[in-house]
Amino acid sequence: MGGILTWMEGSTLAGMIVGNIWVFPALETLHFIGLILLMGSLLIIDLRFVGFAPRIPLNAVQGFLPISLLGFVINLTTGILFLFSDPLHYYSNLAFRLKMLAVLLAGLNAIWFKVSLNLEAASTESSRNPRMLVRVIAGLSLLLWTSVIVFGRMIPYL
Amino acid sequence: MLDWLENTAVAVMVQESLWGYPIVLSSHAVGMAILVGIVLMINFRVLGLAPKVPVSALKTMYKVALIGLVINVVSGSMLFVANADAFFESTPFMLKIILLIVGTTLLVMLSRRIFVPNDAAQDYAPTRQARLLALISSIAWVGVIVMGRLIAYWDWKDF
């Protein structure tokens with residue numbers, strides 16, 4: 001691990017990020033915009049699956065999903081660039097480790113969500129009220145992504 | 001006035017307690033995601049995303065966005081009083097507040113046009129005026145985020 005971290009720190013990419021004072025704030029702003037796109041679209045989708053706004057058809061609300069993917073890709077990219085700028089600091093940071101754990105759990109939860117929905121679609125018609133398991137998974141998704149934001153904000157302080 | 005603000009009980013708590021500042025900052029980030037996230041999704045829907053979602057059914061989500069606004073006015077005021085003079089002199093902070101007022105006004109104007117009960121036509125074909133409001137509102141809210149992030153870098157004297 002140490003070898004990888006030292007290589008990242010000495011890479012051309014790291015030099016480009018640290019070399020100009022405006023690159024880091026620009027990446028941070030992009031990371032915030034990605035966060036808003038990811039969390040905003042998931043709030044609409046997950047709140048609907050929890051049971052709010054029942055007038056929105058369950059299959060229609062998934063039209064917001066491409067925005068979630070876009071937000072995730074923006075934040076994965078900018079996040080990796082942050083890592084290159086100061087790998088040793090991030091690697092040893094407790095808040096960063098907890099954030100990565102929360103992202104992993106949120107990702108697994110999303111897969112569970114997809115599998116449950118496919119099973120549900122196969123067994124019943126597109127219902128207006130999702131069953132309890134789906135509601136719990138949707139609530140868990142919001143909780144996990146909120147913890148991702150909180151741990152991320154704690155990185156400078158932990 | 002600014003000195004008095006910085007010496008209030010709330011300000012001292014945010015400045016001095018070990019967890020006060022990070023907790024308020026985290027609340028501000030979560031409130032931002034709720035508020036701006038949902039506002040952008042409502043705007044995107046008006047502009048044509050997720051066309052099978054009835055626009056007026058998003059009213060519940062609009063109310064959740066307003067909860068985010070309350071969280072951020074409260075947490076933002078706490079961050080402000082903790083460092084009132086530095087914020088007061090910060091250009092990006094002033095621009096952020098102006099854009100915030102513009103964004104909130106456009107949000108309320110849009111909500112009055114799209115959350116009309118029993119208006120089935122609006123649900124799937126928002127008017128040109130509504131689409132224009134959604135577009136300008138999105139630009140204003142992204143501006144709020146950009147200016148908020150710049151506060152920490154532009155002439156910031158205290159950190």
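The values are calculated or read from the model by the stated rules, or taken from the named source; none is laboratory data. The structure displayed is predicted, hence computed values, not measured ones. With ideal geometry, Cβ positions are generated from the backbone for all residues, glycine too; neighbour counts draw on all protein chains shown. These area figures cover heavy atoms from the full protein model, side chains too; ligands, DNA and RNA do not enter into them. Shrake-Rupley method; radii C 1.70, N 1.55, O 1.52, S 1.80 Å.
Here B:D119, B:D123 are screened, and the one residue that is within 14 Å of chain A (Cβ to nearest Cβ) and over 22 Å from B:G37 (Cα atoms) is B:D119.
Filter the helices (runs of 4 or more DSSP H) completely within the stretch A:64-158 down to those with at least 1 residues that are open to solvent by 80 Å² or more (accessible area, probe 1.4 Å) and of a type in the set (K, R).
A:94-123, A:132-154
Looking at A:I44, A:I36, A:I56, just one residue is outside any helix (DSSP H, G or I) and of a type outside the set (F, W, Y), and that residue is A:I56.
For residues in the stretch B:1-41 being of a type in the set (S, T, N, Q) and under 24 Å from B:I145 (Cα atoms), which is least open to solvent (accessible area, probe 1.4 Å)?
B:S26
Matching residues to (1) touching a strand residue (DSSP E or B) at 6+ places or on another chain (Cβ under 9 Å); (2) away from every other protein chain (no Cβ under 14 Å); (3) over 19 Å from A:L142 (Cβ atoms):
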| position | (1), (2), (3) |
| --- | --- |
| A:S11 | no, yes, yes |
| A:M16 | no, yes, yes |
| A:P25 | no, no, yes |
| A:H31 | no, no, yes |
| A:L42 | no, no, no |
| A:D46 | no, no, no |
| A:Q62 | no, no, no |
| A:G71 | no, no, no |
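Checked against (1) open to solvent by 60 Å² or more (accessible area, probe 1.4 Å); (2) within 30 Å of B:Y124 (Cβ to Cβ); (3) not in a helix (DSSP H, G or I), B:A50 passes all but a single condition, namely (1). Within the stretch B:76-128, being touching a residue at least 12 places away in the same chain (Cβ under 8 Å), within 25 Å of B:R45 (Cα to Cα) and not in a helix (DSSP H, G or I) holds for B:F115, B:V116, B:P117, B:D119, B:P126, B:T127. Whether a residue is touching a Gly at 6+ places or on another chain (Cβ under 6 Å), in a helix (DSSP H, G or I), surrounded by 17 or more Cβ atoms within 10 Å (Cβ to Cβ) and at pLDDT 95 or above was assessed, and B:A140 passes this test.
The rows are residues; the columns are (1) open to solvent by 10 Å² or more (accessible area, probe 1.4 Å); (2) within 28 Å of A:L38 (Cβ to Cβ); (3) more than 10 Å from chain A (Cβ to nearest Cβ).
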{"site": "B:T60", "(1), (2), (3)": "yes, yes, no"}
{"site": "B:I67", "(1), (2), (3)": "yes, yes, yes"}
{"site": "B:N72", "(1), (2), (3)": "yes, yes, yes"}
{"site": "B:A84", "(1), (2), (3)": "no, no, yes"}
{"site": "B:I114", "(1), (2), (3)": "no, yes, yes"}
